Amino acid sequence: MSQYDTNFLNHHSLKYIEMALRTDRIERVANPDGYGKRTGDCGDTVEFFLICKNDIIESVSFYIQGCINTAACCNTVAKFVQGKTIESAWQISPEQVDNFLETLPEDHFHCAELAVGALYLALADLKKDKT
C-alpha cells in the first residue's frame, strides 16, 4: 500500500471511504423520469438519473466526471433519496451530505453543493410534462 493510500484510509471516516469507493450506482440510464446535469466551477460534472413510481424514487443512478470527493457526495445523495418520496428528496442539503461523510475536506464542500444541485435539476425535470 502506498503512503497516499495509508493517509487516505487514516484520514477519512468509514462512511466517506464507502461512499467514495462505491460504484454500483454509477450508470447512465436511457429515458429516466428525471434527469439533471450540472458542472461546477472546478470542472467536475455530475449527472443524476431518477426512476419514480407513485411519487417514490425507486432508482437513483449517477455519472460523474470528477474527483473522489464528488463521487462520495453523489453516492451519499443517492443513498439519501433512494426509496424516498419526491417531496422529501427536495429537503436534502449539502450540509447533510457533509455531515454524513464526516471527513469531506473543507475545501471540497463545493462537491456536496454540486451533487445536490444536480439532484435538484433531476427533481425539477420530474415535473415536466413527459408526453
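The criterion of at least 3 residues that are touching a Pro at 6+ places or on another chain (Cβ under 7 Å) and surrounded by 14 or more Cβ atoms within 10 Å (Cβ to Cβ) is met, among strands (runs of 3 or more DSSP E) falling completely within segment 9-120, by 45-53. Among the candidates 92, 56, the residue that is of a type in the set (A, V, I, L, M) and over 12 Å from the mean Cα position of the chain (by Cα) is uniquely 56.
No lab work stands behind these numbers, since they all come straight from the coordinates. If you're wondering where the values come from, they're calculated on a predicted model, not measured in any experiment. FYI the Cβ positions are ideal-geometry reconstructions off the backbone, even for glycines, and counts take in every protein chain you see.
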